[in-house]
Structures are given as structure tokens and as C-alpha cells.
There are 2 protein chains.
Amino acid sequence: MKNLQDLAKLIRYFILLSTTQAGSGHPTSSLSAVELMTVLFFDGIFRYDLENPANFNNDRLIFSKGHASPLFYALFAAAGAVSEEELKTLRKFGSRLEGHPTLEFPFTQVPSGSLGQGLSNGIGMAINAKYLEKIPAKTYVLMGDSEIAEGSVWEALQIAHHYKLNNLIGIIDVNRLGQSTETMTSHDIKTIANRVASFGWEVITVDGHSIPQIQKAFAQAEKSKDKPVMIVAKTFKGHGVSFLNDKENWHGKALNQEQFKDALKELGKIDYKLRGKILMPKAVKTALKKPKTVKMTPYEKDQKVATRKAYGDALTCIAAMHPEVVVLDAETSNSTFSAKVKEVAPERYFEMYIAEQNMVGVAIGLSRVGKIPFISTFAAFFSRAFDQIRMGQYADANVKFIGSHAGVSIGEDGASQMGLEDLAMFRTPLGSVVLYPSDAVSTEMLVMQAAKHHGMVYIRTTRADTPVLYSKNEMFPIGGSKTLKSSKADVLTVVGAGITLHEALKAYVELKKENILIRVIDLYSIKPLDVKTLIKAGKETKAIITVEDHFEEGGIGEAVKAAVANESVNVYSLAVTKMPHSGKPQELLDYEEISSIAIIKKVKQLLKK
Amino acid sequence: MKNLQDLAKLIRYFILLSTTQAGSGHPTSSLSAVELMTVLFFDGIFRYDLENPANFNNDRLIFSKGHASPLFYALFAAAGAVSEEELKTLRKFGSRLEGHPTLEFPFTQVPSGSLGQGLSNGIGMAINAKYLEKIPAKTYVLMGDSEIAEGSVWEALQIAHHYKLNNLIGIIDVNRLGQSTETMTSHDIKTIANRVASFGWEVITVDGHSIPQIQKAFAQAEKSKDKPVMIVAKTFKGHGVSFLNDKENWHGKALNQEQFKDALKELGKIDYKLRGKILMPKAVKTALKKPKTVKMTPYEKDQKVATRKAYGDALTCIAAMHPEVVVLDAETSNSTFSAKVKEVAPERYFEMYIAEQNMVGVAIGLSRVGKIPFISTFAAFFSRAFDQIRMGQYADANVKFIGSHAGVSIGEDGASQMGLEDLAMFRTPLGSVVLYPSDAVSTEMLVMQAAKHHGMVYIRTTRADTPVLYSKNEMFPIGGSKTLKSSKADVLTVVGAGITLHEALKAYVELKKENILIRVIDLYSIKPLDVKTLIKAGKETKAIITVEDHFEEGGIGEAVKAAVANESVNVYSLAVTKMPHSGKPQELLDYEEISSIAIIKKVKQLLKK
């Protein structure tokens, strides 16, 4: 107990030291959770191999309230893994200790800083431990009370309960003060506890600055048989320093040198050499799953198969080939065809219900512990999780996103269900790959590529049945393209993908009847682009016409124009520019002028120039 | 009572008629809520002027479960406002009756179809009625149980309770069956009720097919003094037809002709001529608020003012000039400076806490009832609400979004807080306007433009202080630009915006010392672009160099390249391409090669070509 109190004091010192030196940061948000985390780390609860952050038996700790990074770093300093000198580099360019935890710091389980995402990440890790690896590792997630206004937290609460994740322990640091104002719940611990309990969690309330109460809480949490556990702790922002404790207007502010000195005086005698021990994890082996070899789905040329259906077929293949593949869906699995994987690997399918934000967060968590998540919903609904997708790029997320029901060509359901901005969205993350297969064979090949590729991959699938174009032996490298029609007499190049590639082929047939030959390129890889092929085609023909079932902004047309800028290649773009509506798929493609009729019209118009 | 039963039967007929004719749609999801909505509409609870959907005294009805559109249309048909003939046009191209309700249908309060957003929209309308217009109009929101997995619903529950919206009544149609699977809660009405009650709502549980219970529930709901009310109804999907009732695998499926005949047989004798009456709303005048004239903020040239701070100043002006302006923020108002409006119009500021999805939904709701919402948070965090933003384009949303802390130049907080994809995101909605002012004067002018412009507007603001560039008399039309440096000897054009415009000016000064003259354009309007000026500059100089504190994809560079494609204008782009980190703003701008150093380097490199 004395040791824990002394460690808490040391940690408070580290928090104030680093932030004062940085001249910025969130000391008061860090101070409120000191006792909570000190007990977790140094009282034999948390099990972690400091020498080996990648040890899969490690317990997991996620600072969902990422702005409390000074506390996060201070804990590892108190464990002897970070020097006091390094603490003074907080927030400096080149330091491992960034403003919010990133992967630069080896002990960061998953980067945070966009509130409300950590619990979802934790679910991914807990699902992995309980159901996939079957290891006793626990996942702890520290959240703030202001943070739990985020709906994603309540999505996570539902899912964690549904999956009986008793190896997931959340801690809410209820310090009542947000950034600009008091939270909606203030210090009403009872209301917060009741809400969490109503979602099926075991809830333990504590005085967040009472070490004995916190010890008791973690001991009780250990015993949960089938419920996730939430410790709801009443705390004070800035606790430990009288002029900070529970004071407004201190969020995100560092102390100046004088205030720092005053704070140190209040802390009293600090044992700067004191370090705490963290218990080692139990060494538990997991059964290595063996990959199986599988046959590809035997599609026949011209057979009509929707690429969304081909995704389902492909999943059955890669699930066998890659034991690390895990499949998630947001209650659309009979539409996205992700449900097909349940035929071969039901233990690796996890229904995520209508909660896309949580689904993406869970996938990122699974990715952080070595799984390869393939996650699906309608393309339009991935927009619900753009912030989680955005954070994925900072988490080195090896997550594959499959968005079905792309474009106006979904038909009668209408605009709300149409993905028309998904390519733009998924093009933005650093290093993301964006693929848009036009037939079943290429879909299967690209899904296999996605499984082998490390990084975030988005695959866009089509609702309608479309003819198989390719033979089983064709390769589809990421960054490649397919030139389906080509001759020395091509007057223009038409670049399509997905449904519009088929419209381009229809246009080819019609134009050929009038002796007009066009080059047709299947741009299945939208990021990275096959720039060489595009430039070549642009120079060998009069111009490139891009056609996409997607808005203009950020889509295929803009990507191609950017890629061939300065190459003296002309590019014209057909895209969705009018308010979409319900209707038959072909009616809508015609209406939006992205069908074969529109392509033919554009070709003829350009030939007159 | 008999009348209500007969109307319910008629409505069931209308649902089956329209969807069978369409060959698609969601009849079973519609059938489960028939009694609930029949009582609401025709038992004197709902007050609505059918001749005048824009009557601001109307009660509001939102079908958050938008796929139950056949029920929505059937209700208005039963009220005599839609013919049986028109019902048969459901989902047809050109019909007002789209797959999910759109504004094509005059009685649609707000379009829906992306689940979990309607309650937020309803909050906007309820806030308007209770606090702004001070009228007794009520807002009713119908939700599904599968839908309430969406976190946005729980954000809304918190906020509605916080604002004591007793004029907001939610109805959850708990029919236990989702799209592909049973919901997590099945028919556990008690758990759902407890959860909602724990969020501070008054909860009434009912048998959703018992007209007397429903009548009692609505009567009780009327009496709520300060709590929003939720009716949690146990229902059966497909109720009213035995082979549909509570049956799996019927989601989103229409009956065929034979099944339709069988269903009609079960319904028995239908009075096809029966119509129900809806009560008229009470006519309550609201006090017309008078606009006030205000003076613009007296900025001095070269005075250092962050554009985010200028936003706060501008808000105080437009709040006075436009009584319909309402201000929302997601617990960042001291950072975005939206808090400043509380100095002049505190009654029009509503804190939305850390729940961006709900904030955007509330804004769309406010917009639908004639308000002009100005809503703010960090640019990065608007990505949390991309699905709501996406739906805004279908709702004719007159919402102005202000995203602060744009780019890597925010500095030490690091990547999670940096808006690097917000321009790409906000460029995608049809007809959106995207503005990025570089100084305080243009910020104020553009905020005023935004207030006058009808439609979605995004304004990107900068964290750092930057010098005032413009005088008070300058105009900043949407779609315009400012050429700050220009001569007949300009070798290259540098296009910047926000922080990079200032980097471009620094580069100008340095290059001029070496007798290299560049044109400098402030591209404050990113959508629509000032294409004429860009082409002119591109032709009069060697090339355009765009510089942005934003990712490449979907950003300024791509927008400009798309705009000048085929004009023989060369465009080179500097943007954020490397993993961002904590650091000083200037360090990060240099590291990402978007600073004056990088611009100078690019200029010199291009001059060698």
C-alpha cells in the first residue's frame, strides 16, 4: 500500500514534469486516473512482459482517453521502461512520446486520441483472447466520463455483453469536467453505473483515489464469469495538486515553471529512484492453426455472378488459407454475402449488428493482435465509421473493408442506401489500397491479394449480377489494370470499373458496329493506379473517358486526372452528378449519364472536336 | 376503436398493395408498426395540416426506420392525401414514393434510410419547438429495435434528456427480427425499457398490437413535464398475415401475386373507401425576431488573428443579423471559438457534448424547420459524422459546418487531432460549398456568405494565429479567389489556402530577393473553384503549384487538376504525404514539405525543367 502511494506520487511527478517541459499536454486529465492505473499496473493485476510488448500472452491496456498520454508514459517510466530524460521529450518532434499515444511508443496497444474508440478496439482483443486464441489475457480500457457521450461506447457496451467478454475490463475516470464545460452527468456515479449495468455489464463503483477500494474492485473484476466488467470511479481532475484539483479551465493546459514548483512542494518527498514491478504474463501456448489449400471457385466465362456474391465465395477460400482471417459484418451478411464464411469457419464470423463504428474499432483491435479482419456492410454505411477508419491508418491496421451496394445501380432502395462517396473516403488514409473488381474471378483474386497485403484495403462490390470476364489463370496485381479491348485504331480510351466497366463493354460493341474502336480498361485498382497504362492509352488515343458509379469528387475521374496531370493527356469524366432516386438500375445508370448510352454519346461528342 | 381497427386493416392492404406491385420493399418491417402509427395518426394525437406540410405548428413525424416507408405512405393514403393509384408507383423511377422517404414526398419531415439518425433529427425539431419558437408542436420518431444498436441513438437519448425535451416522443417497434438475424435483445422489452429509462427518459411499454394500450401510452406521453418519452412496443414483424407474422427470412422481401391474394383473404373485408381524419394543429404565433444590423469586427492589417478565433467573432455578427442562426458545438467551443456567440445570443447556443453524429443529425433537424445551424468541432472529428453529413445532402440541409484545427500545423497534439481528409469529405455531397479562409477578414466575410447561402457549407479554420491580409471592403464571393501577388513576369503560380497561403507569401518574399516572381492565389473557395482564374494563371505562367495542409486524395490539388484538365495547364501538388507526428507547427509544415521552404524548392525545381 505504501509502495503504491509512493508510486502514485512518483507518477504524478512524471506527469507534471513531462507536460511542464512540453509546455502543453493534458496533466489534469492524467492526474485524475493515477491511483486507478497505479493499482492496475503495480499491484499484481496487469500482466505484461516489458521486454516483449509483442508477447501475445500480455494483458492489453488501452488509453481510450488518449489525451491522458502523460499518465500512460509515466506508468511505463515508473516501471523502469522509460527514462526521466525521455519523459522530457514529450510532444517534441521525433520523440516516441507523442501528444496522444502512437505506435512510435512500443507499449501503445492501439493509438488513440479520437474519443470513444478504445472500448471497441478492446473488444477486438478480448474476442481474440477468449474465442480465437483461447488465452487468459485480459484487456483493460481506460475511458473518461466526457468521452462516454460518444455513441460508439454504447455500441461497444452492447456487443461486449452479447459476446460475454468477461476478459474485458473498462474503467471510467469520472472526473466530471470535460474540455470546455462540466459533463452532462457531473459526479452522478450512480446514473453512469446504472446505465452501464443496464447494458449487461458487471459494474463496480469506487472512490477513484482510494487505493483499497480500487484493489477490491480489480479483485472482484477478476472473478467475472461471463460478463464484461466496468469500474466506475469517482475522481477529481487534477487530483494531487490543490490548485488543480476539481478546478475548471485547466483542461489541456500545462503548468508553468512556478506552478510546477508549487505542485512539487505539495507532492512532498518523492523517491525518484523508486520503480514498480509488473507481473509477467502466464505463458500459454495457443494451438497453431494450419492453413489449408483450397480450390478457387470454378466460375465460367459469361456466367452471371454479382461481385458481392463472389466475395462470399472468396471468403470461404481465404478463411481456409489464412487461419488469421476473422470476418465481421454489420447485420447485412445476407446482402454482402459475408455469411457464406459460416459454412466453413463459423467460429471466425462475429456478427457486429447495426453498429458500424464499433465494427471498425473491433477490427482495428483484432488487427493489433495479429488477426486479419475482413469486415463488410453497404458501401454507404462505412461512412458511419470514417473516424474509426481514419484512426486505422495510424494503427497500422491490417483491416480489409468490403463495401457492397455501390452506386446508383443498386436501384429501387434509393439514395440513402447508395455508396457514392466511398471511393473518395477510402482513398484518403495513408497507404490505403482501393480495389473495385468488375467480375467474380477478379473479385476472388483481389480478395486473396488483400489477405496477403499488409495494410488497409477497401474492396467495392456491386449488387447486380454481372458476367464473368476473366479466366481463372489471370493475375490481378494491386496497382495493375486490365485492358480488355485494344487495337492500333482505338480513337478513345474508356476507363471503367465495377458496373461501369460492363457499360463500357456494351458501348464498345455498339460503337464497333459503326466502325468506331475504343480501348476499354478495367481500372480494378483505383489506389494505387496503373499510371503507366493510363498514360500510354492517353497518348495512343485522343483522350481518356473515365466512367464511375460514384460522385465526381475524390473518385476515379479525379484520381486519373491527378495521375496524368502534366503528361499532355486529356481526360473527361462521367460520374454521378444528379440527385439520385429510386428506379430500376439501368434507368438510373442512364439518368446519371454513366451508362453505355452516355459513353457512346461522349465518344461521339469528342470525336467531333 | 372499430374505426381504428378498420383503418389498420386498410393500411395493411396499402402496404401489401404497394410493395407487391413494386416487387420490392419492406412490407414485414412496415406491418409491425401499423397499430402504433394508426393510433398516432387517427386517434387525435398527431396534429398535422395535410394541406400545408410547411405549417410550422404541425407536429413532426420521423420514420427513423426509413425502410418502413410503405407504412409511411400508407398512413397518408389512409388520410386521403395519397391515392391508391399512386401507391402502386412505389419505388418506380419518377415516383414521389421512393424506397426510403425522400423530400420528393411532401410529407417527409426528413429523409431517412440510414438507421439511427432520426432521433437526432427529431431533437433538432424538438429543441426548436420548445426553446426557440416556443410552440406546442410535438415530434414523434419511429425506430426499430435492430436500429437501436446504433450508437447515435444513445447519443440522442442523452442529449434529449439533458435538454428536457418532453415534446419529443420516440416509439421503438420491437419486432425482434433484424435483416439477417434476430436482434441482440429479441423480445426482451424489459431490458430495452430499462436501458432507455436509465438515460432519463420516461418509458412506457406496450403490446404494440393492442390499440387500447397504445392509446393509453400516447395519452400518458402527452403529460410528460420535463422528460422525453419513449414508447417501447412489443410487436411482430409481418403482423396481420399469418405466413409473415414473426417469420424469419422475410426482411426486405415483397410478396408475389399469389401470396398477396392469400394475405388479402386473411385480412378479410376491407373498406377501401374508408379514410381517417387527422386533427389540425393549434395555431400558435411565434414572435418574429427582428434582425439587427451589426458592425464587422475591426481587424487591422497584419494583426495576428487565428481564423478559428475570427469564426467566433463572425458568429456574434451573424447571430444578430440572422435570428434563425443556431449554434452547436461538440464540447470544443473554447477551441473552435463558437463559445463567443454566448456573449450575444446564449439562448441560441446548444452544447452537444462529445457526440458529433448526434450534433450533425440535430443540425439537419433544425434546418428542416427553418433554422440556420452553424455547427463546429475539430475538422478531424467531423469524420465521425460522415454518414449524417451524407444524409444531409438528401435533406436539403442548410447546415454550416466549421472544422477547426486543420492540418498538421496544429502541432503538438499529433495525428489523431489533425484534420487531413476533411476537405475530401466535405467536397463529396451534391452541391456542397467548401471554403478555407486564410485570414480573419475573409473568415468573417465567408461566414456571412455562408449564412446567406442556401445549402451545406463547410468552413475550415486554422489553429495558429495568422496575419490579417485583407481590408474590410473586400468581397469574397463563393466560387471566387484572391490573387495576392501578380505581375507580367510571374514564372509560376502558387495556389494556397489557409495556413499554406501564408507559407506561399513567405516563399514569394524569399524568391523575390532572387528576382524570381511568382503569382500567389488564395483559393479560399475550394468548391466551387474559381476555374477561370486558375486557367488564366496556368496559361500565363509555367505551371500551377498547389499547396495544402491536407492529404492529396480528394484535396485541393486533385480538385484543381480536375478543373484544369484538358486546358494544357500543368499542375504540381504539395500535400501531406508522410505519417504525421507531434511537433512544432513549423517543424511539421517543413517535414511534410508544404512550407515556404518546400514551395521555394519546388519553384526552383520546375524552373530547371
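Among the numbered criteria (1) more than 28 Å from residue A:154 (Cα to Cα); (2) touching a residue at least 40 places away in the same chain (Cβ under 8 Å), which one does residue A:104 miss?
(2)
For the stretch A:567-588, which positions are touching a strand residue (DSSP E or B) at 6+ places or on another chain (Cβ under 7 Å) and either assigned to a helix (DSSP H, G or I) or closer than 27 Å to residue A:463 by Cα (or both)?
The answer is A:572, A:573, A:574, A:575, A:576.
Would you point out the residue of the stretch A:259-305, among those that are of a type in the set (S, T, N, Q) and surrounded by 12 or more Cβ atoms within 10 Å (Cβ to Cβ), that is nearest to residue A:56 (Cα to Cα)?
A:286
Which ones in the stretch A:201-211 are open to solvent by less than 10 Å² (accessible area, probe 1.4 Å) and within 21 Å of residue B:185 (Cβ to Cβ)?
Answer for the stretch A:201-211, where residues must be open to solvent by less than 10 Å² (accessible area, probe 1.4 Å) and within 21 Å of residue B:185 (Cβ to Cβ): just A:201.
Let me spell it out: the conditions are (1) open to solvent by 10 Å² or more (accessible area, probe 1.4 Å); (2) free of Cβ contacts under 8 Å to residues at least 60 places away in the same chain; (3) more than 7 Å from every other protein chain (Cβ to nearest Cβ); (4) not hydrophobic (A, V, I, L, M, F, W, C), and residue A:368 meets all of them except one. Which number is the exception?
Going through the list (1) open to solvent by 10 Å² or more (accessible area, probe 1.4 Å); (2) free of Cβ contacts under 8 Å to residues at least 60 places away in the same chain; (3) more than 7 Å from every other protein chain (Cβ to nearest Cβ); (4) not hydrophobic (A, V, I, L, M, F, W, C), residue A:368 breaks only (2).
For the stretch A:433-454: of the residues being open to solvent by less than 10 Å² (accessible area, probe 1.4 Å) and not in a helix (DSSP H, G or I), which is farthest from residue A:585 (Cα to Cα)?
A:433
How about the stretch A:212-233: which of its residues are open to solvent by less than 10 Å² (accessible area, probe 1.4 Å) and over 30 Å from the mean Cα position of the chain (by Cα)?
The answer is A:214, A:217.
Could you list, in sequence order, all residues of the stretch B:456-469 that are outside any strand (DSSP E or B) and open to solvent by less than 10 Å² (accessible area, probe 1.4 Å)?
Passing the criteria: B:461, B:462, B:468.
Okay, residues lined up against (1) at pLDDT 95 or above; (2) surrounded by 24 or more Cβ atoms within 10 Å (Cβ to Cβ); (3) more than 10 Å from chain B (Cβ to nearest Cβ); (4) touching a strand residue (DSSP E or B) at 6+ places or on another chain (Cβ under 7 Å):
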{"position": "A:107", "(1), (2), (3), (4)": "yes, no, yes, no"}
{"position": "A:114", "(1), (2), (3), (4)": "yes, yes, no, no"}
{"position": "A:119", "(1), (2), (3), (4)": "yes, yes, yes, yes"}
{"position": "A:122", "(1), (2), (3), (4)": "yes, yes, yes, yes"}
{"position": "A:126", "(1), (2), (3), (4)": "yes, yes, yes, yes"}
{"position": "A:136", "(1), (2), (3), (4)": "yes, no, yes, no"}
{"position": "A:143", "(1), (2), (3), (4)": "yes, yes, yes, yes"}
{"position": "A:147", "(1), (2), (3), (4)": "yes, yes, no, no"}
{"position": "A:150", "(1), (2), (3), (4)": "yes, yes, no, no"}
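Which of the residues that make up the stretch A:60-81 are assigned to a loop (DSSP other than H, G, I, E, B) and open to solvent by less than 10 Å² (accessible area, probe 1.4 Å)?
Listed by number, the residues that qualify are A:64, A:65.
So, in the stretch B:292-310, exactly how many residues are out of contact with any helix residue (DSSP H, G or I) (no Cβ under 6 Å at 6 or more places or on another chain) and hydroxyl-bearing (Ser, Thr, Tyr)?
Qualifying residue count, the stretch B:292-310: 1.
Residues of the stretch A:192-222 being touching a strand residue (DSSP E or B) at 6+ places or on another chain (Cβ under 7 Å) and either farther than 23 Å from residue A:153 by Cα or within 12 Å of chain B (Cβ to nearest Cβ) (or both), which ones?
A:192, A:193, A:196, A:197, A:201, A:203, A:213
Can you pull out the residues in the stretch A:21-55 that are assigned to a helix (DSSP H, G or I), crowded, with 24+ Cβ neighbours inside 10 Å and of a type outside the set (A, V, I, L, M, F, W, C)?
A:27, A:28, A:29, A:30, A:35, A:38
Which of the strands (runs of 3 or more DSSP E) found entirely inside the stretch A:210-329 contain at least 1 residues meeting this: among the small types (Gly, Ala, Ser) and touching a residue at least 24 places away in the same chain (Cβ under 8 Å)?
Fully inside the stretch A:210-329 and qualifying: A:229-234, A:304-306.
Does any residue of the stretch B:573-580 turn out to be touching a residue at least 40 places away in the same chain (Cβ under 8 Å), farther than 20 Å from residue B:306 by Cα and open to solvent by less than 10 Å² (accessible area, probe 1.4 Å)?
yes
If you check B:536, B:513, which single one turns out to be at pLDDT 95 or above, farther than 24 Å from residue B:466 by Cα, open to solvent by 30 Å² or more (accessible area, probe 1.4 Å) and of a type in the set (D, E, K, R)?
On inspection, the qualifying residue turns out to be B:536.
Consider residue A:582 carefully, then state whether it is closer than 20 Å to residue B:558 by Cβ, facing chain B (nearest Cβ under 8 Å) and small (Gly, Ala, Ser).
The answer is no for residue A:582.
Residues that are touching a residue at least 60 places away in the same chain (Cβ under 8 Å), hydroxyl-bearing (Ser, Thr, Tyr) and part of a strand (DSSP E or B): does the stretch A:371-387 have at least one?
The answer is yes; a qualifying residue exists.
Among the residues of the stretch A:152-176, which ones are away from chain B (no Cβ under 11 Å), closer than 21 Å to residue B:185 by Cβ and open to solvent by 10 Å² or more (accessible area, probe 1.4 Å)?
Those that are away from chain B (no Cβ under 11 Å), closer than 21 Å to residue B:185 by Cβ and open to solvent by 10 Å² or more (accessible area, probe 1.4 Å): A:164, A:166.
State all residues of the stretch A:539-558 that are touching a strand residue (DSSP E or B) at 6+ places or on another chain (Cβ under 9 Å), in contact (Cβ under 8 Å) with a residue 60 or more places away in the chain, open to solvent by less than 10 Å² (accessible area, probe 1.4 Å) and within 10 Å of another protein chain (Cβ to nearest Cβ); if no residue qualifies, say none.
A:543, A:550, A:551, A:555
Return the only residue of B:185, B:181 being in contact with an Asp or Glu (Cβ under 7 Å, 6 or more places away or on another chain), closer than 22 Å to residue B:235 by Cα, open to solvent by 20 Å² or more (accessible area, probe 1.4 Å) and more than 7 Å from chain A (Cβ to nearest Cβ).
The conditions single out B:185.
When the residues of the stretch B:371-409 are narrowed to those that are within 11 Å of chain A (Cβ to nearest Cβ) and farther than 26 Å from residue B:576 by Cβ, which ends up surrounded by the fewest Cβ atoms within 10 Å (Cβ to Cβ)?
B:396
Go through (1) open to solvent by 10 Å² or more (accessible area, probe 1.4 Å); (2) within 11 Å of chain B (Cβ to nearest Cβ) and name the single condition residue A:340 misses.
(2)
The values are calculated or read from the model by the stated rules, or taken from the named source; none is laboratory data. Everything numeric here is computed off the predicted structure, so don't read it as measured data. Cβ coordinates were reconstructed from backbone atoms using ideal geometry, including for glycine residues, and neighbour counts include every protein chain displayed. For the accessible areas, the whole protein counts, side chains as well, though only heavy atoms, and no ligand, DNA or RNA atoms are used. Shrake-Rupley method; radii C 1.70, N 1.55, O 1.52, S 1.80 Å.
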